[in-house]
Amino acid sequence: MLTFQCDSCSSPVFYENIRCLTCGSTLGINPGTYEVHSVKASDGGKLTAKNGKSYRLCKNSVDYGCCNQLVLADDASPYCHSCKFTEITPNLTFENNRKLWVAMEKAKRRLLFSLFRLGLHPVPKSQDSTKGLAFRFLVDNSTGIMTGHENGVITITLAEADDAIRTARKQQMGEGYRTLLGHFRHEIGHYFWDRLIADRGRQADFRSVFGDETQNYKAALESHYAKGEFNDWRGDFISKYASAHPWEDWAETFAHFLHMRDVVETSHAVGLNSQPGYGTSTDFRQTINLWLSTTFRLNELGRSIGSGDLYPFILSERVITKMEFIHREITSAAE
């Protein structure tokens, strides 16, 4: 993630900011470049940015004050590019649903920015029913609704945006790390397996690194959970769940690749690393070295304020090889 400034007063702002806290300017994300613009009201409810273009607020900004992405004034849709990916939302007449949904949309916008920076540009399923991407945010009503991906549709239950519930599940599952953004990054990994591997006929190369994905998925998961603590996964996988099946290994590793890419870019943007790393350099090994040194610093900072390790993972050479494979697939697809 890059750092941003209000283009009206040059004060630093977060990517999620709707208003500059220094000068009070209304802020919005340019739908084409993902830059932050300050905007002012003009005729007919339109907004004018410093780049001279006319925009409108996204309908979710008008109705709920939760979206900061702008819509081009001549766009027929009332929704911004990011909100067009959301296919189903929960009942927003309930305050708690709205609160959790807002957190979901923020995580989704950050995910889409990361993909944009990588040169990956999925389109909404409303534009491409076969290969497009859609999100469904549903209330977990104990009727079998689960977070997951199927045919370009990513379903995430609202409970994952609830800090208390997510923490309880993290402890129950024995996970060292569980975040809402992490869920988005894992599930988008499944989506991009279809786009980067299956669609491009890259299965043979994939199997040489991750294993044979044609093995029975359901049986593999059942076997994984049956092993319990006797599953010797360290050394070959980024997480215990990654060892369940090659598809899960790819998705877990893909998520950590996005963690790496964003943190290395952010650490350079805020001055923690003098080297630019991923996003500017195409040297994967340089990036992974920056990532390892940066995560050490992150963990030291986390321990300094009593939060523990912010990144509680050890990257073996085997895992790094898998991340490098993902790097090559993304790079070639983006080119």
*Take the residues of segment 25-35 that are surrounded by 13 or more Cβ atoms within 10 Å (Cβ to Cβ) and among the β-branched types (Val, Ile, Thr): which is nearest to Cys80 (Cα to Cα)?*
Ile29
*Among the residues of segment 157-168, write down those that are surrounded by 14 or more Cβ atoms within 10 Å (Cβ to Cβ), of a type outside the set (A, V, I, L, M, F, W, C) and either free of Cβ contacts under 8 Å to residues at least 40 places away in the same chain or touching a His at 6+ places or on another chain (Cβ under 6 Å) (or both).*
Thr157, Glu160, Arg166
*Looking only at segment 71-83, decide whether some residue is buried (at least 16 other Cβ atoms within 10 Å of the Cβ), closer than 24 Å to Arg178 by Cα and of a type in the set (A, V, I, L, M, F, W, C).*
no
*Can you tell me which residue in segment 1-24 is surrounded by the most Cβ atoms within 10 Å (Cβ to Cβ), limited to those that are over 24 Å from Arg261 (Cα atoms) and either among the hydroxyl-bearing types (Ser, Thr, Tyr) or touching a Pro at 6+ places or on another chain (Cβ under 7 Å) (or both)?*
Ser8
*asked:* Given the condition within 15 Å of Leu112 (Cα to Cα), modelled with pLDDT of 90 or more and surrounded by 16 or more Cβ atoms within 10 Å (Cβ to Cβ), answer yes or no: does some residue in segment 50-67 qualify?
replied: yes
_Members of segment 21-32 that are modelled with pLDDT of 85 or more and in a loop (DSSP other than H, G, I, E, B)_ = Leu21, Thr22, Cys23, Gly24, Ser25, Asn30
*Is there a residue being part of a helix (DSSP H, G or I), over 17 Å from Ile330 (Cβ atoms) and open to solvent by 40 Å² or more (accessible area, probe 1.4 Å) anywhere in segment 206-214?*
yes
*Of Ile154, Ile197, Ile188, which residue is open to solvent by less than 20 Å² (accessible area, probe 1.4 Å), at pLDDT 95 or above and out of contact with any strand residue (DSSP E or B) (no Cβ under 9 Å at 6 or more places or on another chain)?*
Ile197
*asked:* Restricting to segment 245-303, count the residues that are among the small types (Gly, Ala, Ser), more than 20 Å from the chain's Cα centre (by Cα) and modelled with pLDDT under 85.
replied: 3
*Test: Ser293 is touching a residue at least 40 places away in the same chain (Cβ under 8 Å) and either surrounded by 12 or more Cβ atoms within 10 Å (Cβ to Cβ) or among the β-branched types (Val, Ile, Thr) (or both)*: no
*Give the residues of segment 221-262 that are open to solvent by less than 10 Å² (accessible area, probe 1.4 Å), part of a loop (DSSP other than H, G, I, E, B) and free of Cβ contacts under 8 Å to residues at least 60 places away in the same chain, sorted by residue number.*
His245
_Yes or no: segment 299-314 includes at least one residue that is in a loop (DSSP other than H, G, I, E, B), crowded, with 17+ Cβ neighbours inside 10 Å and touching a Phe, Trp or Tyr at 6+ places or on another chain (Cβ under 8 Å)._
yes
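The values are calculated or read from the model by the stated rules, or taken from the named source; none is laboratory data. Given the structure is predicted, the values throughout are model-derived calculations rather than measurements. Cβ coordinates were reconstructed from backbone atoms using ideal geometry, including for glycine residues, and neighbour counts include every protein chain displayed. Heads up: the accessible areas ignore ligands, DNA and RNA and are worked out on the full protein's heavy atoms, side chains in. Shrake-Rupley method; radii C 1.70, N 1.55, O 1.52, S 1.80 Å.
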